[in-house]
Amino acid sequence: MRDAAVLARETFAAESQDGLARQLPKIAAAFATLCDRASVDMAECTAVGFCYPGLTDPGCRRVVAAYGKYTDAPTLDLVAWGREYLALPVWVENDARVALLGEWQFGAGRGCDDLVMVTLGTGIGAVAMIEGRLRRGRHGQAGVLGGHFTVRLGGRRCRCGNIGCAETEASNAYLPAIAREWPGFAESRLAAEPVIDYATVFRLAGEGEACAVAIRTHSVQVWGAVIVNLIHAFDPVRVIVGGGVMASADTILPALRDYVSRHAHTPWGTVEVVASALGDDFALFGCEVLLRERMQPTGVSR
């Protein structure tokens, strides 16, 4: 990124089950490749933004809790890795916070300083901004645990240790288990699908398949409840919804807006519920904002 322009991009399989340490050489190699592709000398680069789908400590720039993804991440010193292999400072931040920073400056959050963002995909991410400042909290978990709000007393155990989290009720990570337990699943067309994810559920629900329709309705209600809880906690003017599940935004957004209008206590008016504008590029735009914030004149030495 340079001045809000993406110079080059590279993607490869996450393979989170193999751990982050095994991915770091690939990341370093990709960084060098991107510099070559964009005709940028690595010495021109200011820093590396590292967004992670779990709890991070912005002070010591480490991953604090992994929640089942790259479980070795809390043991890694990413700052030392960046210094040794890239000769650059590394700043580590929760991926939902990075997404909101990008949307705030360049996407669906422009012109608004009181925002909540929810990302729907493998898990459920959340983040809040009040008066133009991200909520981080003393331990780095303020606002980002929306996916671990309890929405079902006595529900299934979540990988975070809680019971009945929103993620266990409406995320791609738990969707196969949710579907198998759904009444009528064995006789449904959904049971014959090789992959059970939200793309499949929304496709079959659009064709009127009863089991898929029921799971879709349940999931939207869970996502709506998460958003209402975040509204009550952080008093935003606008809620941005992103993540892979939003490929079905035409169905999801009207349902979420209806749920929020009926359940959120906002006597001052109506909270806007909008779709993410940056899609998969949120990290690129958000990291530029993050690094501008962090790399001040009193910033970090390499």
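The values are calculated or read from the model by the stated rules, or taken from the named source; none is laboratory data. Keep in mind that what you see is a predicted model, and the values were worked out from it rather than measured. Backbone-built Cβ (ideal geometry, glycine too); neighbour counts: all protein chains shown.
Could you list all residues from segment 128-139 that are over 18 Å from residue 292 (Cβ atoms) and hydrophobic (A, V, I, L, M, F, W, C)? Write out each step before concluding.
Step one: of segment 128-139, the residues over 18 Å from residue 292 (Cβ atoms) are 128, 130-131, 135, 137-139.
Selection gives 128, 130.
Check whether at least one residue in segment 277-286 is assigned to a helix (DSSP H, G or I) and among the charged types (D, E, K, R), and report yes or no.
Step one: filter segment 277-286 for residues assigned to a helix (DSSP H, G or I), giving 279-286.
Retained after the next criterion (residues that are among the charged types (D, E, K, R)): 280-281.
Yes, that holds for at least one residue.
Can you name the condition, by its number, that residue 238 falls short on among (1) in contact with a Gly (Cβ under 9 Å, 6 or more places away or on another chain); (2) touching a residue at least 60 places away in the same chain (Cβ under 8 Å); (3) under 14 Å from residue 120 (Cα atoms)?
It fails just one condition, (3).
Out of all the residues in segment 134-192, which are under 20 Å from residue 94 (Cα atoms), touching a strand residue (DSSP E or B) at 6+ places or on another chain (Cβ under 6 Å) and among the aliphatic types (A, V, I, L, M)?
144, 166
Starting from residues that are over 27 Å from residue 36 (Cβ atoms) and touching a Phe, Trp or Tyr at 6+ places or on another chain (Cβ under 8 Å), keep the ones in segment 71-100 and report whichever is surrounded by the fewest Cβ atoms within 10 Å (Cβ to Cβ).
73
Which numbered condition in (1) within 30 Å of residue 237 (Cα to Cα); (2) of a type outside the set (Ser, Thr, Tyr); (3) in contact with a His (Cβ under 7 Å, 6 or more places away or on another chain) is the only one that residue 158 fails?
It fails just one condition, (1).
For segment 269-302: of the residues being among the β-branched types (Val, Ile, Thr) and within 23 Å of residue 249 (Cβ to Cβ), which is modelled with the lowest pLDDT?
The selected residue is 270.
Looking at segment 206-216, can you tell me whether even one residue there is modelled with pLDDT of 95 or more, among the aliphatic types (A, V, I, L, M), surrounded by 15 or more Cβ atoms within 10 Å (Cβ to Cβ) and closer than 15 Å to residue 119 by Cβ?
So far as segment 206-216 goes, no, none of its residues is modelled with pLDDT of 95 or more, among the aliphatic types (A, V, I, L, M), surrounded by 15 or more Cβ atoms within 10 Å (Cβ to Cβ) and closer than 15 Å to residue 119 by Cβ.
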